[in-house]
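K.L.:
Have a look at the structure that comes next, please.
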Amino acid sequence: MTNKSKRNKIQWYRMDLHIHTPGSLDYQEQSASYLDILRKAELRSLDIIAFTDHNTLRGYAAMMREIEQLEFLERLGRAEPEEIRRLAEYRRLLEKVLVLPGFEFTATFGFHILGIFSPRTPLRQIEHILMSLRINPTVMDEGNPAAGASSDVLTAYRLINEAGGIVLAAHANSTHGVAMRGFDFGGQTKIAYTQDPYLHALEVTDLEKKGWQTTSRFFDGSKPEYPRKMRCIQGSDAHRLSADARNPKNLGIGDRVTEVSLPERSFEALIDMFRGTDFARTRPYRSSRDPYDYIQAAREEGANIVQSFHEDMTRRNGFLYNIVADVCAMANTNGGAIYVGLEESPKKKPIGVENVQASIEALYAEIDSKITPKLDVEIDAQDSQGKTIIRIQVPRGNDVPYAVDESKIYVRDDSETSLAVRDEIVQMIARNLGQPQTYTFETPLEETPLPAEGVPAPLTGVEIIATEERKGRMYHTVRDLRNGSTVRNVTRSSARRLWHYAITEHESRALDPNAIQWHGEIGLIKVYERGNDTRYDLAQYDEQNNVRIYYGVTEEGLHGPWQVFTVQQPST
């Protein structure tokens, strides 16, 4: 309840945390003054900005020296009328716009990292960080984006964070970005660079775009190899005051803005927000006539492993129980958000929730009484299309497995909540105890050959890796590519939806390798629609020249060479 009362005092501020100045060697308007930059920020209605010159504090330091010199002349009574006017303008603008010192560091292999600090941080301390990151003094003096042999990305994250700074991956999905978009390699390096605990957020250039290929959708916590949901923001990366009409890629100040919800306009409030997990507190800025609807954006993504939607929370017909089951499942899986008061379909208007505070109290009480061990969730109210929606934020549990009514253990599987099977419960217990997830079963599982070298398996879908018949009934071992789990003794009748589809296909279809559309060692069996998703059944030769089948792969699971099949048309 205390969190709710705090939110009542919070308001939205507009920020652009990636602005260059004439302190950067590649700034496109070297004649621009620092007052020009502040005036432009005011004109664009910005509340918070950061000077982030390349590998230097030159711009911010130059502005502060100018202000100090004007204040010195004022104290001596020797300031000229023009100097008095300049100082008064600085004071007026700095009352309206919070200016933060920072830098854009060029790490090993050219990746760019933003470090942003409190105005109270001594500039020498920030410069010491750059020197610790092995930035050459000549590079610092020039504001040169080419840093030479500097430190690596993870070292930069750690040192900036330890110094009390905000750590952002600059234009993460673009050139010099740690998301390594367009690279046909990356693997564990990309995971480390985007999931590191010292990294506060990803700055992206596609925040307002829609679709499964957007950066925010990729890093929404639904992928087993990228389990940490990443906050995504946007900034202008302005190297000039206004956008270049001849080259729209050269943005001006405030051409890409993020709104942030804070109790006050301060660095302390800002970094506290970045360290938190309330992702609704940042949003791309839009005019008041077309405000950004965080809930609607979630609906357009649809239900998945980390979010679900419920129109009703009454006990009648089990609606309240279903919400509690989702809470349990997300805590056992990867955390997530549950929205109450609307359907999943983005085309249907929300119905909202009446008696919001009473409903929030009821949800807290139900979760507290139904789920063991104790699980701390955050429940608040959000607005969507003029209706009040309740949001439940569920953490990834630290004491798995969680159970409803002390016996029912649920897990999240794509957009479904299902009762966990034995092997999944064993794996959760092993995870909780910190033990390797290897087990001994009555029937030993023969080692499955690996895929042919060069193309890893898809990131989603399931694979039937073994089948055994007992008394006329088929028992399968299923490998779920979405979370890496392997579950034995699955029958068609006991299987979940995607597992059931895979087992049905496996049992009923005699696969002809010649009917597969091969593209080198990988192949397409068919494309089909399931709900709002396009699914792919795929094939691959392993190192022993056997054909492996991956059922129900989503487009998000197609990486590298697998993406060649996205051009195929759905078939039945």
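K.L.:
Within the stretch 190-205, count every residue that is over 13 Å from Gly235 (Cβ atoms) and buried (at least 17 other Cβ atoms within 10 Å of the Cβ).
P.N.:
Going residue by residue through the stretch 190-205, those that are over 13 Å from Gly235 (Cβ atoms) are 190-200.
The next check asks that each one be buried (at least 17 other Cβ atoms within 10 Å of the Cβ); those that pass are 190, 193-194, 196, 199-200.
Total meeting the criteria: 6.
K.L.:
Looking for whichever is of a type in the set (Val, Ile, Thr), more than 23 Å from Thr258 (Cα to Cα) and modelled with pLDDT under 95 here; the options are Val327, Val306. Which one fits?
P.N.:
One residue alone meets the criteria, Val306.
K.L.:
Here's a follow-up. Restricting attention to the stretch 251-309, which residues are touching a Leu at 6+ places or on another chain (Cβ under 8 Å) and either of a type in the set (Val, Ile, Thr) or within 29 Å of Thr460 (Cα to Cα) (or both)?
P.N.:
Across the stretch 251-309, the qualifying residues are Ile253, Val257, Thr258, Val260, Ile295, Arg299, Phe309.
K.L.:
Here's something else I'd like to know. Restricting to the stretch 246-269, name every residue that is of a type outside the set (D, E, K, R), assigned to a loop (DSSP other than H, G, I, E, B) and within 24 Å of Tyr34 (Cβ to Cβ).
P.N.:
Asn250, Leu251, Gly252, Ile253, Gly254, Val257, Ser266, listed by residue number.
K.L.:
Ok, one more. Considering only residues of the stretch 252-264 that are more than 15 Å from Leu43 (Cα to Cα) and touching a residue at least 12 places away in the same chain (Cβ under 8 Å), which is farthest from the chain's Cα centre (by Cα)? Before you say what the answer is, go through the steps one by one.
P.N.:
Residues of the stretch 252-264 more than 15 Å from Leu43 (Cα to Cα): 258-264.
Restricting the remaining residues to those that are touching a residue at least 12 places away in the same chain (Cβ under 8 Å) gives 258-263.
Values: Thr258: 15, Glu259: 17, Val260: 16, Ser261: 18, Leu262: 20, Pro263: 23 Å.
My answer is Pro263.
Results for (1) surrounded by 15 or more Cβ atoms within 10 Å (Cβ to Cβ); (2) among the small types (Gly, Ala, Ser); (3) in contact (Cβ under 8 Å) with a residue 24 or more places away in the chain, shown as yes or no for each residue.
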| residue | (1), (2), (3) |
| --- | --- |
| Asn514 | no, no, no |
| Gly520 | no, yes, yes |
| Leu524 | yes, no, yes |
| Glu529 | no, no, yes |
| Thr534 | yes, no, yes |
| Asp537 | yes, no, yes |
| Arg548 | yes, no, yes |
| Leu558 | yes, no, yes |
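K.L.:
Residues of the stretch 86-112 being in contact (Cβ under 8 Å) with a residue 60 or more places away in the chain and hydrophobic (A, V, I, L, M, F, W, C), which ones? Outline the logic, then answer.
P.N.:
First, pick out the residues of the stretch 86-112 that are in contact (Cβ under 8 Å) with a residue 60 or more places away in the chain: 98-100, 102, 104, 106, 110-112.
Result: Leu98, Val99, Leu100, Phe111.
K.L.:
Kindly indicate which of Val394, Val356 is modelled with pLDDT under 95 and surrounded by 14 or more Cβ atoms within 10 Å (Cβ to Cβ).
P.N.:
Values: Val394 fails: modelled with pLDDT under 95.
It is Val356.
K.L.:
Filter the stretch 397-438 down to the residues that are among the small types (Gly, Ala, Ser) and surrounded by 14 or more Cβ atoms within 10 Å (Cβ to Cβ), then identify the one that is farthest from Thr477 (Cα to Cα).
P.N.:
Here is the first cut: in the stretch 397-438, the residues among the small types (Gly, Ala, Ser) are 397, 403, 407, 415, 418, 420, 430, 434.
Next, only the ones that are surrounded by 14 or more Cβ atoms within 10 Å (Cβ to Cβ) stay: 397, 403, 415, 418, 420, 430.
Working: Gly397: 27, Ala403: 25, Ser415: 22, Ser418: 18, Ala420: 15, Ala430: 20 Å.
It comes out as Gly397.
K.L.:
For the stretch 456-572, which fully contained strands (runs of 3 or more DSSP E) count at least 3 residues that are farther than 27 Å from Gly187 by Cβ?
P.N.:
On the way: elements: 462-470, 473-480, 486-490, 517-519, 522-530, 533-541, 547-554.
Strands (runs of 3 or more DSSP E) meeting the threshold: 462-470, 473-480, 486-490, 522-530.
K.L.:
Report, by residue number, each residue of the stretch 185-244 that is modelled with pLDDT under 90, closer than 19 Å to Phe111 by Cβ and part of a loop (DSSP other than H, G, I, E, B).
P.N.:
Those that are modelled with pLDDT under 90, closer than 19 Å to Phe111 by Cβ and part of a loop (DSSP other than H, G, I, E, B): Phe185, Gly186.
K.L.:
Within the stretch 37-60, does at least one residue satisfy the condition of being more than 23 Å from Ile271 (Cβ to Cβ) and small (Gly, Ala, Ser)?
P.N.:
no
K.L.:
Can you say whether His176 is over 30 Å from the mean Cα position of the chain (by Cα) and surrounded by fewer than 18 Cβ atoms within 10 Å (Cβ to Cβ), as far as the supplied structure shows?
P.N.:
Details: over 30 Å from the mean Cα position of the chain (by Cα): no; surrounded by fewer than 18 Cβ atoms within 10 Å (Cβ to Cβ): yes.
So His176 fails the test.
K.L.:
With the structure loaded, tell me whether His476 is within 28 Å of Val400 (Cβ to Cβ) and modelled with pLDDT of 90 or more or whether it fails that test. Steps first, answer last, please.
P.N.:
On the way: within 28 Å of Val400 (Cβ to Cβ): yes; modelled with pLDDT of 90 or more: yes.
So His476 passes the test.
K.L.:
Report yes if Glu104 is in contact with a His (Cβ under 6 Å, 6 or more places away or on another chain), among the charged types (D, E, K, R) and not in a loop (DSSP other than H, G, I, E, B), otherwise no.
P.N.:
Values: in contact with a His (Cβ under 6 Å, 6 or more places away or on another chain): yes; among the charged types (D, E, K, R): yes; not in a loop (DSSP other than H, G, I, E, B): yes.
The answer is yes for Glu104.
K.L.:
Could you list all residues from the stretch 131-164 that are out of contact with any Ser or Thr (no Cβ under 9 Å at 6 or more places or on another chain) and either of a type outside the set (Phe, Trp, Tyr) or within 21 Å of Tyr27 (Cβ to Cβ) (or both)? Break it down into steps so the answer makes sense when it comes.
P.N.:
Kept after step one, since they are out of contact with any Ser or Thr (no Cβ under 9 Å at 6 or more places or on another chain), are these residues of the stretch 131-164: 131, 137-138, 154, 157-158, 160-162.
Result: Met131, Pro137, Thr138, Leu154, Arg158, Ile160, Asn161, Glu162.
The values are calculated or read from the model by the stated rules, or taken from the named source; none is laboratory data. What you are looking at is a predicted structure, and each value in this text was computed from that prediction instead of being measured. Neighbour counts are summed over all protein chains in view; Cβ atoms, including those assigned to glycine, are modelled from backbone coordinates with ideal geometry.
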